[in-house]
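So the structure is just underneath, and the comments pick up after that.
Nothing in this text is a laboratory measurement; each read-out follows from the coordinates by a stated rule. Not measured: the values here are computed from a predicted model. Cβ sites come from the backbone with ideal geometry, for glycine too, and all protein chains shown count toward neighbours.
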Amino acid sequence: MNILIYDTQEQVNKVGATILANIVLAKPNAILGLATGGTPVGIYKELVAKNEQGLLSFSEVRTYNLDEYVGIDGEHDQSYRYFMNENLFNHIDINKANTHVPNGKVADAEAECVRYDAEIEAAGQLDIQLLGLGHNGHIGFNEPDDSQVPGTHVVELAQETRQANARFFANIDEVPTHAITMGVGTILKAKKILLVVKGEDKADIVKQALQGPITTQCPASLLQLHPNLIVLLDKAAGSKLS
Ligand code: GLP
């Protein structure tokens, strides 16, 4: 595990974007596993800037997102498809047909999970998976539990996750109760993992995830098993690490 700690979130964004950009520069048709949430927004801005400046092209890149809410479609402004379009895809030279987010508005969400896994499998190994971290240690929408499902699956969201994400909705009742998420096994299959965490409010869970026991009750702790994990933190998020 390689832990990088920077003074400011701006530095974290720049370094995160550079890590992703270097993968695309080395392999123009790279497969990127992408994430939503507040954490990667600054990284995506940096990538957009590099693309606008002609330093980086996404024309051959393929992307797979971690997760999506069940019950809302890609046009919904709180869907993760909408988020990705708004924060990244609409502003870079990527072919939208090469961008993949699970479809949360299907009649059969279980079948969508099987389809999504098969698609990732057929595409080949993800060159990198970008991850944020939930306050309870979730990655994607893999919530703390007695066990973890390896592949893409439907999850019931923890109340604290719905509460945390209610800030983006009119009220908590509008936050979907279920989501489709890549499983921890899908995530661990990526060649490289980039976990990005910012803010003092995540310092305890960062410590638990990186220096605590490996347990399904803290899904991010399973990342300790990955041979090529980069953790990118701001000073506040890394403040409790020994
Ligand atoms: C959401 C997403 C995760 C994300 C996490 C943290 O629930 N499903 O992929 O990492 O919350 O979000 P944030 O970066 O906004 O703190």
- Query: How many of the residues in region 75-85 are crowded, with 23+ Cβ neighbours inside 10 Å and either away from the ligand (no atom under 16 Å from the Cβ) or within 14 Å of MET182 (Cβ to Cβ) (or both)?
  - Reply: 1
- Just need a number here: residues in region 209-240 that are under 29 Å from TYR116 (Cβ atoms) and part of a helix (DSSP H, G or I). 9
- Query: Within region 20-74, restricting attention to residues that are away from the ligand (no atom under 16 Å from the Cβ) and β-branched (Val, Ile, Thr), which residue is nearest to the chain's Cα centre (by Cα)?
  - Reply: ILE31
- Message: Among the residues of region 154-165, are any within 13 Å of the ligand (Cβ to nearest atom), within 17 Å of GLU68 (Cα to Cα), among the polar types (S, T, N, Q) and touching a strand residue (DSSP E or B) at 6+ places or on another chain (Cβ under 6 Å)?
- Response: no
- Flagged in region 180-208 as within 15 Å of the ligand (Cβ to nearest atom), in a helix (DSSP H, G or I) and closer than 23 Å to VAL154 by Cα, in numbering order, are VAL184, THR186, ILE187
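Just to be sure, is THR177 exposed (fewer than 14 other Cβ atoms within 10 Å of the Cβ), within 15 Å of the ligand (Cβ to nearest atom), among the β-branched types (Val, Ile, Thr) and under 18 Å from LEU66 (Cα atoms)?
yes
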- Task: Name, by its number, the condition in (1) of a type in the set (S, T, N, Q); (2) surrounded by 17 or more Cβ atoms within 10 Å (Cβ to Cβ); (3) touching a strand residue (DSSP E or B) at 6+ places or on another chain (Cβ under 8 Å) that does not hold for ASN228.
- Result: (2)
- Note on the structure: Counting only residues that are within 16 Å of TYR80 (Cβ to Cβ) and within 16 Å of the ligand (Cβ to nearest atom), region 110-152 contains a total of 13
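Every residue, every condition in (1) more than 28 Å from VAL48 (Cα to Cα); (2) of a type in the set (D, E, K, R), yes or no:
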| site | (1), (2) |
| --- | --- |
| HIS100 | no, no |
| ARG167 | no, yes |
| PRO176 | yes, no |
| VAL197 | no, no |
| LYS202 | no, yes |
